[in-house]
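What follows is a set of notes on a single structure, which appears directly below.
The values are calculated or read from the model by the stated rules, or taken from the named source; none is laboratory data. Keep in mind that this is a model prediction, so the values were computed, not measured. Note that each Cβ is placed from the backbone with ideal geometry, even for glycine, and that neighbours are counted across all protein chains shown.
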Amino acid sequence: MLEIKPLLKSDKANGTRMFTPTGLSATILVAAHAGDAGATGQLGTQSTRGRATAAGPHPFAASPLRHLMFAVRETAAADNSPEPGRQYLRDTFGQGYWGKRGGFVNLLEWLAALGNAEGMQEWAADSEAARMLAGRLRNDHA
């Protein structure tokens, strides 16, 4: 079973919350470099139960959602200027970015909606950054 505790702010019954992009630790949400496991989508060395081995990265490290959350974090850190987040995604995915862009926009719109959900006020700032980044990706044509 995949260890998800590092991704959770709280794991209490009826109060489980995932960290926001700006709240995740650098060890989970560290930038991947083009050509490494994060950019290629490979999860690294895996055990038979789906857990990363001691030498391998957490499986979340290679997921598109992790890359989007890092891009949202970059956007928020730049006072909601979406350019650093967009550039991170283009650098990470290379030419594959163009084929994934529509899915990225859909996930970013979902993240943007989290700030409006009841009990999710801690997502307000990151949701705004996700909205700005989604708009920039939607209008990215080269």
Residue check for ALA129: at pLDDT 90 or above and either crowded, with 22+ Cβ neighbours inside 10 Å or not in a loop (DSSP other than H, G, I, E, B) (or both): yes
For segment 74-101, which residues satisfy the criterion of being touching a residue at least 60 places away in the same chain (Cβ under 8 Å) and crowded, with 21+ Cβ neighbours inside 10 Å? THR92
Looking only at segment 102-121, filter to residues that are touching a Ser or Thr at 6+ places or on another chain (Cβ under 6 Å) and part of a helix (DSSP H, G or I); which one of those is surrounded by the most Cβ atoms within 10 Å (Cβ to Cβ)? ALA112
Does segment 66-77 contain any residue that is modelled with pLDDT under 95 and either assigned to a loop (DSSP other than H, G, I, E, B) or more than 17 Å from LEU137 (Cβ to Cβ) (or both)? yes
